[in-house]
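Colleague: The structure follows.
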C-alpha cells in the first residue's frame, strides 16, 4: 500500500500524459494538482479518469479549464478503481502535475 506522491509529470504541450495508473487489485483515493509555471500566459487544462491513454468523451472531469499564470487547479478526494489512469493535457508546456493520495488493496 503506497501513500504520498503517486505520480508527477512536467507536461508537453497539447499531449495527453498518463500521470498515474491505479495498480491491479488496488483502490486509490487521489488528489490531482496542476500548476501553471508561466509568469505571463494562461493554460487550458484537461483532466480525465480514463481506462486507456486516450480518454473517451465521458471520462473528462475537467475540459479546457483556464489556469492563470502562476495558478493552480486542484481536484481532491477522487476514488479510483484498479486500472484507471489520471490523464492530463495542457495547451502549453508550462504545466506540472502531481497526483498524491493513498492506495489500498481491494
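Every read-out reported here was derived from the displayed coordinates using simple, explicitly stated rules and does not represent laboratory data. Since this is a predicted model, take the numbers as computed values, not measurements.
Colleague: Figure the gain on full extension for residue 96 and residue 37 (residue separation times 0.36 nm, minus the Cα-Cα span) and round it to one decimal in nm. Could you put the intermediate results ahead of the total?
Modeller: Working: separation 59, 0.36 × 59 = 21.24 nm, distance 0.74 nm.
My answer for the length gained is 20.5 nm.
Colleague: Separate question: In whole Å, what is the distance between the alpha-carbon centres of segment 59-84 and segment 14-47?
Modeller: 6
Colleague: Contour minus end-to-end for residue 44 and residue 59, with contour as 0.36 nm per residue of separation and end-to-end as the Cα-Cα distance?
Modeller: Numbers: separation 15, 0.36 × 15 = 5.40 nm, distance 1.72 nm.
Extra length available between residue 44 and residue 59 comes to 3.7 nm.
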